[in-house]
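Worksheet: one structure, shown below.
The values are calculated or read from the model by the stated rules, or taken from the named source; none is laboratory data. For clarity, every value in this text was computed on a predicted model and none was experimentally measured. We place every Cβ from the backbone using ideal geometry, glycine too, and count neighbours over all the protein chains shown. Quick note on the areas: whole protein, heavy atoms, side chains included, nothing else; ligands and nucleic acids left out. Shrake-Rupley method; radii C 1.70, N 1.55, O 1.52, S 1.80 Å.
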Amino acid sequence: MLGLAEAGFRSADARRHYLATYDDVRALSPRSDVTHDVPTEFGSFRVYQHGPDHGVPVVLIHGFFLTSAMWWAQVAGLTSDFTVYAVDMLGQPGAGVQSKSMRTPADSARSIDAVLAGLGLRGVHLVGHSYGGWLTTHMAARKPDRLSTVTLVDPAHTVARLSARFWRSLLVVMTRPRSTQAERAAAWITGNPSAGSPIDKLSGLFAAGFAAFVPPVHTPPLIFPSDRLLRSVRVPVQVLLAGNTVHDSGKALQRIRTTMPDWRYHLWSNASHSLPAEVPDEVNACIRRFAIEHGSHA
């Protein structure tokens, strides 16, 4: 297991403590109908299925260290129309168990494709937030055969570079995760949520992951994708952007318009990087509309 105790956690106690916090945030989502542990060459992925087998599949890929727990509003809002699958990515805290490093974006794309294959899914509407949006982009470019559409929700370092303030904030959270400064940094990344709110709980889960889990060295580095890679995507893409976030959304819009003019986009000027939880009805409506427009209902 990569030489890591407790599947990447620093200790058995750290794992138990973290998973209690994870379960608390996951409890914001409706109870899953099926819980899958999907074996791949990189380890076992935990996937929560909401809805019946053979429904039109929406698969959710979370942001960095946010886990499948971040998608409570999408699970609640989309399961009436789709079968929703929320994935815990490997190399990060959560309920998956990694056995092999993912060194490159191609490795990550292969791992996600293996999860979809293990679940028997085709015609997938793949939705990724933040780092999950970066992963989803590479999946669409490298392993598109199982996909019908892609929705990138405020994707990190994908259509615009992450800001210097983001990198400074992440460094604080990674190196001093139990400090007051880390709490403030995590809160800024997640939009300075109100104390005790669901997004505040998610912010706490984000910081708790860095305290409980080993450094994230078993996932590919966040390399800014080239225009050529983005243009290579042949699956229909929409990008949902926040205006008050971890990158310059104006630059993101400019790049989309000039480099990928076929990509659809929406901007919420006053929303933060926690866009899926801040304006869930609108985000869900975009996912639903795009899936119905381009979807396979076989």
Residue (of Val235, Ala160, Leu267) at the positive-pole extreme of the chain, dipole from beta-carbon charges: Ala160
Roughly to the nearest percent, how much of the accessible area of the stretch 116-179 is carbon and sulfur, given a 1.4 Å probe? 50
Residue by residue, what Karplus-based ³J(HN,Hα) values in Hz, rounded to whole numbers, does the stretch 31-37 have, using 6.51, -1.76 and 1.60 with θ = phi - 60° and x for Gly and Pro? 4, 6, 7, 9, 10, 10, 10
Under 1.5 on a/c is rounded, so check that first for the chain, then, if it is not, pick prolate when a/b is larger than b/c and oblate when it is not; a ≥ b ≥ c are the square roots of the alpha carbon gyration tensor eigenvalues. rounded
Most fluctuating residue given options Val217, Val38, Val47, as computed from a GNM of the chain linking Cα atoms under 10 Å: Val217
Other-chain or far-sequence residues with amide H under 5 Å of Ile61's (modelled H): Val127, Gly128, His129
Name the shape class, rounded, prolate or oblate, that the alpha-carbon gyration tensor gives for the stretch 190-263, where a ≥ b ≥ c are the square roots of its eigenvalues, rounded holds for a/c under 1.5, and otherwise prolate holds if a/b is larger than b/c and oblate otherwise. oblate
Quick one: if you take sqrt(5λ) for each eigenvalue of the C-alpha gyration tensor of the stretch 1-152, what semi-axes come out, biggest first, whole angstrom? 23, 19, 13
Would you kindly derive the ³J(HN,Hα) couplings of the stretch 72-80 from the backbone phi angles with the Karplus curve 6.51 cos²θ - 1.76 cosθ + 1.60 (θ = phi - 60°), listing them in order in whole Hz, with x for Gly and Pro? 3, 6, 6, 4, 5, x, 10, 5, 5
Kindly write out, for the stretch 107-121 in residue order, the coupling ³J(HN,Hα) from the Karplus curve 6.51 cos²θ - 1.76 cosθ + 1.60 (θ = phi - 60°), rounded to whole Hz, with x marking Gly and Pro. 4, 5, 4, 5, 5, 5, 4, 5, 5, 4, 5, x, 8, x, 9
How would you rank 50-59, 229-238, highest first, on the average number of other Cβ atoms within 10 Å across their residues? 50-59, 229-238
Could you give the length gained by full extension between Thr259 and Asp227, i.e. 0.36 nm per residue of separation minus their alpha carbon distance, to one decimal place? 10.9 nm
Charge dipole of the chain about the Cα centre (unit charges at C-beta), most positive-ward option of Ala12, Trp134, His294: Trp134
Under a point-charge model restricted to the Cβ atoms of Lys and Arg (+1) and Asp and Glu (-1), what is the dipole moment magnitude of the chain relative to its Cα centre, in debye to the nearest 20? 840
According to the square roots a ≥ b ≥ c of the eigenvalues of the Cα gyration tensor, what is the shape class of the stretch 80-154, taking rounded for a/c under 1.5, prolate for a/b larger than b/c otherwise, and oblate for the remainder? rounded
Sequence-distant aspartates and glutamates (8 or more away, or on other chains) whose Cα lies within less than 13 Å of Lys100: Glu41
Dipole magnitude of the stretch 242-298 about its Cα centre (Cβ charges: Lys, Arg +1; Asp, Glu -1), debye to nearest 20: 200
Considering Cα pairs under 8 angstrom that are at least six residues apart, work out the relative contact order of the chain and quote it in whole percent. 20
In terms of modelled amide H atoms, which long-range or inter-chain residues lie less than 5 Å from the amide H of Tyr265? Val239
I want to verify a result. In a Gaussian network model of the chain, Cα cutoff 10 Å, which of these has the top mean-square fluctuation: His129, His36, His273? His36
Computed over the stretch 119-224, protein heavy atoms only, probe 1.4 angstrom, the accessible area per residue in square angstrom equals 38
